[in-house]
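The values are calculated or read from the model by the stated rules, or taken from the named source; none is laboratory data. What you see is a predicted model; the values in this text were computed from it and never measured. So basically every Cβ, Gly included, is an ideal-geometry build from the backbone, and we count neighbours across all protein chains shown.
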Amino acid sequence: MKPKLFGSSGIRGLANIDITPQLAQRVGAALATLHRGSTTIIGRDTRLTGPMLEAALSSGINSVGGDVIQIGIVPTPVTAWMIHETGSKSGVSITASHNPPPYNGLKVFNDMGVSLTVEEQLQLEDVLENERYQYVDWNRVGMVEKYYAIDHYVNMLIETIETASELKVGLDCFCGATSTLAPIAFKEFQLETKIINALPDGKFPAGNPEATSQSLRRLGEYMKSTGCDIGFGFDGDGDRMMPVGADGKMISPDRALAAYAGYIVERNQGGTVVTHVGASMNIDEKVKEAGGNIVRTPVGDAYITEAMMEHDAVFGGEPVGAWVFPEHHKCPAGVMGALKVLEALGYLEQTLEEFIQGTPVYPLSRAKLECPEKKKTTAMKEVKKKYMNVFRDFNSVSTVDGVRLELDSGWVLIRPSGTEPLIRITVEGKTSEDVENIMRQSIQLVKQVIG
């Protein structure tokens, strides 16, 4: 059974249309009903609708006797970390991550600071659907406390990250939640840092808060003009980061993930790394070469974290820049990820370019096609029926998340987006020609089933 409200990144949609104060109030009441008499941590990104949803969510929690600690504008990993740090039973990050300004969402965490499992999502939805809220008398309603968590989190970073490279660093915060953390953290590490778009602004004047090769061009130009050796771009809620080389160009996220995975396995003298079905085959090569093994999951950090805990993994991540460091906490962390890369470069006495040099790069292409939410399930059923007519010589198929086909010349993954009305296609091949051919056939198949 699949959750109805939750996608791969929580509950997300257009603010005041899909994600309303009424929904936030009900989610708060349901969450606190499941954890009677407990405390919930609430953080948010810079979106203009954040305070509105924060108030409604807090009201719902208070109405059934739950207390709230509001930590204001912070990256999502700070919210997740504070749950465990304070002994709270749950937490919510009010964010739509990299989506445009009209969107918002509720990313819900359990008492370990981990995104809710499917079972936990279904439990919450059961309370919502059946309105089993356990409201309390007037004299037992919960309280709201405000707390500044950034310094606390920065102290943890300083205590747990061994060293940082002395390279000159450029950062782009995209006016998102890392604006409240990155400048302070990098200053405390005494790193020479040049930062742009570090003023919190929910209108996102620097563009959608998504670090891509195109959106990071501005950072790249700034880095070259200021002599930076390395750079990082963060998404809207700060659970992702993308590295940028000294030439001002974004490093392939698959290559960066694979290089770091190989490094951390080698330092640990083995271990398991978890990634999802859409990651490049270069991570398999780097991890196995270092003496480790790979576990693949459906797309979504909740699945990755769950598998990391199950397999006692040393590292996990997605090629969107969402990296999980289990020795610190169980949520992808952008600023921590950037500092961890610098830590690796300092340990190895390498530049970023030297760090990734031994990691192979295979031609990879990603595409997305619009598909209304109501058509996604039917469309994917048709893909599963018809892929054999298109790819007759496939070697194996996985339906862990969408449809992934292993071919002699590469692989293709067709899956519905968990956050947007899209079907996503990822293709990797041994040559560019292979990728073009596989992608062309895949797009034709998806267009056919969407209609």
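Structural remarks
- For the range 67-126, the set of residues classified as basic (K, R) and buried (at least 24 other Cβ atoms within 10 Å of the Cβ) consists of K107 only.
- Just one of the listed residues (H311, H276) is of a type outside the set (A, V, I, L, M), surrounded by 20 or more Cβ atoms within 10 Å (Cβ to Cβ) and touching a strand residue (DSSP E or B) at 6+ places or on another chain (Cβ under 7 Å), and it is H276.
- Inter-residue pairs, beta-carbon under 6 Å, first on the phi < 0 side of the Ramachandran plot and touching a residue at least 24 places away in the same chain (Cβ under 8 Å) and in the range 363-382, second among the polar types (S, T, N, Q) and loosely packed, with under 15 Cβ neighbours inside 10 Å, 6+ apart: P363/S432
- Residue match in the range 176-196 (condition: among the small types (G, A, S) and within 21 Å of F355 (Cα to Cα)): no
- Qualifying helices (runs of 4 or more DSSP H) (wholly inside the range 241-358; at least 3 residues being among the hydrophobic types (A, V, I, L, M, F, W, C) and touching a helix residue (DSSP H, G or I) at 6+ places or on another chain (Cβ under 7 Å)): 253-267, 334-348, 352-356
- The set of residues from the range 320-330 being modelled with pLDDT under 95 and buried (at least 24 other Cβ atoms within 10 Å of the Cβ) comprises V320, H329, K330.
- Filtered by the rule that a residue be in contact with a helix residue (DSSP H, G or I) (Cβ under 8 Å, 6 or more places away or on another chain), among the hydrophobic types (A, V, I, L, M, F, W, C) and under 15 Å from V449 (Cβ atoms), the range 406-436 gives V412, I414, I423, I425.
- Any hit, the range 91-107, residues being of a type outside the set (G, A, S) and without any contact (Cβ under 8 Å) to a residue 40 or more places away in the chain: no
- L124 aliphatic (A, V, I, L, M), over 20 Å from P332 (Cβ atoms), modelled with pLDDT of 95 or more and touching a strand residue (DSSP E or B) at 6+ places or on another chain (Cβ under 8 Å): yes
- Residue in the range 30-59 that is farthest from A177 (Cα to Cα), counting only those that are free of Cβ contacts under 8 Å to residues at least 40 places away in the same chain and over 24 Å from the mean Cα position of the chain (by Cα): G37
- Residue match in the range 188-196 (condition: hydroxyl-bearing (S, T, Y) and more than 21 Å from L48 (Cα to Cα)): yes
- Residues in the range 364-392 that are acidic (D, E) and farther than 21 Å from R12 by Cα: E382 only.
- Hits in the range 69-93 (condition: within 14 Å of the chain's Cα centre (by Cα) and among the aliphatic types (A, V, I, L, M)): V78, A80
- Of everything listed in (1) under 27 Å from A211 (Cβ atoms); (2) outside any helix (DSSP H, G or I); (3) among the polar types (S, T, N, Q), the single unmet condition for T40 is (1).
- In the range 136-161, the residues that are surrounded by fewer than 13 Cβ atoms within 10 Å (Cβ to Cβ) and more than 26 Å from V74 (Cα to Cα): D137, W138, N139, R140
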